[in-house]
2 protein chains.
Amino acid sequence: MSKRNLYLSNIPVEEALRRFQDALGSQLGAKTESIEVVHCLDRITGEAIYARCNSPLYNCAAMDGIAVISACTRGAGEASPLTLEEGADFVVVDTGDPVRPPYDAVIMAEDLQEAQGGIIIRAAAAPWQHVRPVGEDIVQGEMVLPGGHKIRPIDIGVLLSGGVTRIEVRARPTVAIIPTGTEIIEPGEEMREGSIIESNSRMLEALVRHGGGEPTRFSTVPDEYETLKGVLRKASERFDMVLMIAGTSAGREDFTAPLLRELGEVIVHGVAMKPGKPVILAVADSKPIIGVPGYPVSAYLAYENFGAPVLMALSGFLREDVPVVQATLTRKLVSSLKHREYVRVKVGKVGGRFIATPLARGAGAAMSLVRADGFCLIEQETEGVESGETVNVLLSRGLDGLGHTVVSIGSHDLILDVLVDLMPQLFPGVALSSTHVGSMGGLLALKNGEAHIAPFHLLDEETGEYNSPTLRKLFSGQKMALIKGVGRVQGIMVRQGNPEGISGLQDLTRCNYINRQRGAGTRLLLDYKLGEMGINPLEITGYGREAATHMAVAAAVRDGGADAGLGIRSAAQAMGLDFIPVGEEEYDFAAPAEALELPHIRTFIEALRSPQFLSKLEELGGYTERQCGEVILIDG
Amino acid sequence: MSKRNLYLSNIPVEEALRRFQDALGSQLGAKTESIEVVHCLDRITGEAIYARCNSPLYNCAAMDGIAVISACTRGAGEASPLTLEEGADFVVVDTGDPVRPPYDAVIMAEDLQEAQGGIIIRAAAAPWQHVRPVGEDIVQGEMVLPGGHKIRPIDIGVLLSGGVTRIEVRARPTVAIIPTGTEIIEPGEEMREGSIIESNSRMLEALVRHGGGEPTRFSTVPDEYETLKGVLRKASERFDMVLMIAGTSAGREDFTAPLLRELGEVIVHGVAMKPGKPVILAVADSKPIIGVPGYPVSAYLAYENFGAPVLMALSGFLREDVPVVQATLTRKLVSSLKHREYVRVKVGKVGGRFIATPLARGAGAAMSLVRADGFCLIEQETEGVESGETVNVLLSRGLDGLGHTVVSIGSHDLILDVLVDLMPQLFPGVALSSTHVGSMGGLLALKNGEAHIAPFHLLDEETGEYNSPTLRKLFSGQKMALIKGVGRVQGIMVRQGNPEGISGLQDLTRCNYINRQRGAGTRLLLDYKLGEMGINPLEITGYGREAATHMAVAAAVRDGGADAGLGIRSAAQAMGLDFIPVGEEEYDFAAPAEALELPHIRTFIEALRSPQFLSKLEELGGYTERQCGEVILIDG
């Protein structure tokens, strides 16, 4: 085994950025270029811009009407109308027409009366009335825009009116984005075991564009020291900034750090953040070079914390304000004292307060970034945050939308995805936010006022009945609503052709099983059925291995990671698996009865009852629906 | 004189939009197109998008280390180390490498100890530890993005990782933008009296781009009915939406409304809004056609109120939240009962509250849109708002920046433009907001806590001394700071060569004068000097004609609108005017003494003392500076 550089430094984020910026120093200066005003939308002015002519260019009529000599209208009044003669006493003008001497005032069309041989006025005109004087809007020589200003649509109009046709703007910094790795394939290429689809470079490309840079994406470079060196040398010579993806850690083929030490200076290798620790901040050819870790969430956070501020210094873009809200955390978060952790959270507004529910925390959990409404930062030197505590959340979306979002926490089913897509179509501006923590987790969230609705499917062991008995027991003393969802068949999912010959739950003891997490209705169903059959769960290999959704279980079975798992028919169908039914269950939604009249819940119920939803159920298959959207009141 | 359609309708904004949308009906449906994911940044998904493969594609190592068979590591501990043999008991893996059967766990590199013939471990590995199961991040078939979603950088990464390479997105609506008018010239063309530089189409082009549309700008069409008709017919056939600029009002050559009545249906002509009243909302070829008034502020408001919502329905873009703040109005606003008025305001945060100062209100005042921080809406059926009342301001900029802005209200000088440009360069994130209401207006704003500083130049008639005596009188009982600015020469500005032969203030009685507004230090200086000389102001023609800045006076003189005006030497220099000195005055800044330690005031004083500022003063010319940035405490 070759030597590995196991121990990276652990420098706090702000300190790392400061060292990087200090090392770059005056390299972060601004380049400018001259461009046409008609192409300058969203560019940053490189210097203050002054008007080159007046607007209006001349004294002109502010209204449609006639231009008159004010002195000649003196004495006109209701009782003493005055008749003016065209060409002598007045000329007809439309808005914007010049008002030339001797004319010095405009009377608007509405105040005129046509008459034989002229026009009758019944009021005198004050000098300069309804005349826009030269330069009224823009005066030649006045500053129109300061330097460092991002150009908006209205600025373009005013620059042109002020006679400016070319301006000096900040040049777009060029950024080389270099994916590396021998195992990397391009999107769309055939996938083999061991393949990783290259996606980070495309995400970085987009982030650079949003930050005012001009990205150039290189082809993926294999993990060969000399090849990498050639590419990096060329990139650092020709570009203003380089992002080199992967190879930043301590694996056998992590060449980025040694390479940067050879070609330039490594300022920081290892930052006290998670994900994103193995980021490399370096300088070569006086250019900022960032070694971006390969895990997508690490790549994102490394770029946002170090790439974005450096790019902004180069591009002149200003970072937009991140709205911060105080939210109640729904689950305990334990974190190491060693680093600041960026936990992705879903945020909802329930009963007037903001609620933050943590999502998957791994560096590889890119979907957590897609699903997240923001980040909850657990600072270094902090062991974590208790459930129910208030945390600051840096939002990644507008605050307004959160108020129009139905918060669903509980068991997962594909119909939730359908509803997430459908709700804004049916009710523009309304969204459904769905977090998957299992049936019991959802009901507890509901009890704590952390969700508007909880999707669940829980069998009552005493009565053998679904949902109502559990709701009654858990919410004793409370009036609850059971909103009927769908009937669905649970069963054992096995690979096509059922190679292990599984015919029922009794066969699970002789195969490699994959289970659902504690509190999941599917797991409770398994436990209930095993109990009936007298099977000890510990006899089942893999009983302790947990997946969080039906689809995750189905994927594990299809790819051979497990032989069997309990789940719903639609998941088996989606993955092309065989399915051995075990029983039908009811998948419903719980909500407090007093919430039924809230707009949130009403739109949700309407969506459940909509023909669009029912036809989508048909399409998915595997569901029965008898009372979709029906409400049963339950006295807990 | 030809017939004019003087009387437009006066329909409230929301009602007009509703009628327009109703008339368009299903025309506002969504078109989609298929594009590559790598080009989909900021596009809107046309439908929900589901993952086409799992990510990871296979079970893989989550850490650098070795893949082991968990069962074979049982019993390993601190006291009972176990030696594993490469190839048999383990294989070396880097992060992302596949973990294939029989291996089912990874031990990370940090926990390994190299030894003769293998590797020593001191803890057992749990099954599946440090293994990322297939589909852990993204499960094939799960929804990645709902329909109607604006694609962000992270979404692109996840789509690619989920095996998606092409997606259906909302097509960009095509928008024809047609400038009209015989008097219109292109930017950069030679200007004649009567020319209007065409700028609205370029502003609209940029607004359409920001709203997700694809603008096509037509060449300017002259005011000829048949020519206009041909162009409009072609545009309504080929584009999803048409914006026709100018000719919407009641002038002799306002053909847009009759034309649209011939080619389609005019839904609304005339909305109860100001500026923007003569907007036309029409439908031709089932397409939305908007007759956009020609005044820039009217064009902007007509587009924002009617064009933007219709474009968004077509493009799928969602309007971003407009932050609204409650602000204290600094000046009384009188408005008609007949319409809703959109008053542009500068907003600042002074002493913890937001302050809104109205800007120029004319429909032609495009600079007011550039300078504005937002709009204060005076609703229909409201006569106006008193000074000191609280109003809602729809901000056009981020809330955060307002907290870092030094608010200056008072007399205008070119050095304020210089400071507006310089402050953010010297102190990134800090801005100077400057509103020009004259010296007295500024001091009153300071007294009312509406500004941080007030630039002023006021001669005390009793002592003949500048600034300190006035400050002492106006702020009696208060401790004030006089921050020294510049010395500047005031004088009479006349056209080059002094054609009227003016040698001093006594000659003003025989020429056409242009004055400054009441409360301006320059006007008070004139009055003081005239008093000394025994000249009655009413003997001066144009004494009652007011301009708001030195530059506006200089522009009027240069262009012949007036023969003479009082102002500062730098304004005369900027406009190429001759200058007859009348006296030197002191242009300083007032602030409450207790505010001197506030960061706002400190940065301002530092900017005044900076070498960059002093060298800019040198460049401008016409100033003397002896104590720039010096602070004199005054006991009022």
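The values are calculated or read from the model by the stated rules, or taken from the named source; none is laboratory data. Being a predicted model, the structure only gives us computed values, none of them experimental. Here the Cβ is made from the backbone with ideal geometry for all residues, glycine too, and neighbour counts use every protein chain on show. With ligands, DNA and RNA removed, areas are computed over all heavy atoms of the protein, side chains included. Shrake-Rupley method; radii C 1.70, N 1.55, O 1.52, S 1.80 Å.
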Fill in the blank from the handout: Checked against (1) within 24 Å of residue B:54 (Cβ to Cβ); (2) aliphatic (A, V, I, L, M); (3) touching a residue at least 40 places away in the same chain (Cβ under 8 Å), residue B:105 satisfies every condition except (3)
Practice task
Kindly indicate the residue of the stretch A:1-10 that is open to solvent by less than 60 Å² (accessible area, probe 1.4 Å) and among the aliphatic types (A, V, I, L, M) and also modelled with the lowest pLDDT among those meeting that condition.
Solution key: A:6
Problem - Enumeration of residues in the stretch B:293-314 that are under 16 Å from residue B:175 (Cα atoms), of a type in the set (A, V, I, L, M) and under 21 Å from the mean Cα position of the chain (by Cα) - result: B:299, B:302, B:308, B:311, B:312
Exercise for the section: Go through the stretch B:610-626 residue by residue and tally those that are part of a strand (DSSP E or B) and either closer than 17 Å to residue B:412 by Cβ or small (Gly, Ala, Ser) (or both). Expected result: 1
Exercise for the section: Would you check which residues across the stretch B:5-59 are more than 30 Å from residue B:257 (Cβ to Cβ) and free of Cβ contacts under 8 Å to residues at least 40 places away in the same chain and list them? Expected result: B:39
Practice task
Run residue B:607 past the list (1) modelled with pLDDT under 90; (2) under 29 Å from the mean Cα position of the chain (by Cα) and report the number of the one that doesn't hold.
Solution key: (1)
Practice task
Check whether at least one residue in the stretch B:401-413 is in contact with a Phe, Trp or Tyr (Cβ under 8 Å, 6 or more places away or on another chain) and at pLDDT below 90, and report yes or no.
Solution key: yes
Exercise for the section: Would you confirm whether any residue within the stretch B:616-631 is within 14 Å of another protein chain (Cβ to nearest Cβ) and in contact with a Phe, Trp or Tyr (Cβ under 7 Å, 6 or more places away or on another chain)? Expected result: no
Handout entry: Options A:348, A:388, A:398, A:352; residue that is without any contact (Cβ under 8 Å) to a residue 12 or more places away in the chain and over 20 Å from residue A:299 (Cβ atoms)
Key = A:352
Exercise for the section: Return yes when residue B:307 is small (Gly, Ala, Ser), buried (at least 23 other Cβ atoms within 10 Å of the Cβ) and not in a helix (DSSP H, G or I) and no when it is not. Expected result: no
Fill in the blank from the handout: Of those in the stretch B:610-636 that are of a type in the set (D, E, K, R) and surrounded by 14 or more Cβ atoms within 10 Å (Cβ to Cβ), the residue farthest from residue B:446 (Cα to Cα) is B:616
Problem - Within the stretch B:147-160, considering residues that are at pLDDT 95 or above and within 7 Å of chain A (Cβ to nearest Cβ), the one nearest to the chain's Cα centre (by Cα) - result: B:153
Practice task
Determine which single condition residue B:489 fails, assuming it passes every other condition in (1) within 18 Å of residue B:414 (Cβ to Cβ); (2) crowded, with 19+ Cβ neighbours inside 10 Å; (3) of a type outside the set (Gly, Ala, Ser).
Solution key: (2)
Exercise for the section: Please find, among B:190, B:142, the residue that is more than 19 Å from residue A:370 (Cα to Cα) and among the acidic types (Asp, Glu). Expected result: B:190
Exercise for the section: Report, ordered by the first and then the second residue, all pairs with beta carbons closer than 9 Å, sequence separation of six or more or different chains, a first member in the stretch B:439-463 that is of a type in the set (Lys, Arg), and a second member that is surrounded by fewer than 22 Cβ atoms within 10 Å (Cβ to Cβ). Expected result: B:447/B:474; B:447/B:475; B:447/B:478
Practice task
Report yes if residue B:403 is open to solvent by 10 Å² or more (accessible area, probe 1.4 Å), at positive phi, free of Cβ contacts under 8 Å to residues at least 60 places away in the same chain and within 14 Å of chain A (Cβ to nearest Cβ), otherwise no.
Solution key: no
Practice task
Could you look through the stretch B:578-604, keep only residues that are more than 34 Å from the chain's Cα centre (by Cα) and not charged (D, E, K, R), and pick out the one that is farthest from residue B:502 (Cα to Cα)?
Solution key: B:583
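Every residue, every condition in (1) in contact with a Ser or Thr (Cβ under 6 Å, 6 or more places away or on another chain); (2) within 9 Å of chain B (Cβ to nearest Cβ), yes or no:
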| site | (1), (2) |
| --- | --- |
| A:109 | no, yes |
| A:122 | no, no |
| A:140 | no, yes |
| A:165 | no, yes |
| A:168 | yes, no |
Completion exercise
Note on the stretch B:464-486: residues open to solvent by less than 40 Å² (accessible area, probe 1.4 Å), in contact (Cβ under 8 Å) with a residue 24 or more places away in the chain and not in a strand (DSSP E or B) are B:467, B:468, B:470, B:471, B:475
Practice task
State all residues of the stretch B:443-463 that are modelled with pLDDT under 95, assigned to a strand (DSSP E or B) and either of a type in the set (D, E, K, R) or open to solvent by less than 10 Å² (accessible area, probe 1.4 Å) (or both); if no residue qualifies, say none.
Solution key: none
Practice task
Output the strands (runs of 3 or more DSSP E) that fall wholly within the stretch A:107-216 and possess 2 or more residues being open to solvent by 20 Å² or more (accessible area, probe 1.4 Å) and touching a helix residue (DSSP H, G or I) at 6+ places or on another chain (Cβ under 7 Å), or say none.
Solution key: A:166-170
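Are any of the residues in the stretch B:95-104 touching a helix residue (DSSP H, G or I) at 6+ places or on another chain (Cβ under 7 Å) and acidic (Asp, Glu)?
yes
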Handout entry: Condition broken by residue A:261, with the remaining ones in (1) more than 19 Å from residue A:203 (Cα to Cα); (2) of a type outside the set (Phe, Trp, Tyr); (3) touching a helix residue (DSSP H, G or I) at 6+ places or on another chain (Cβ under 9 Å) satisfied
Key = (3)
Completion exercise
Within the stretch B:406-440, the residues that are open to solvent by 20 Å² or more (accessible area, probe 1.4 Å) and small (Gly, Ala, Ser) are B:429, B:431
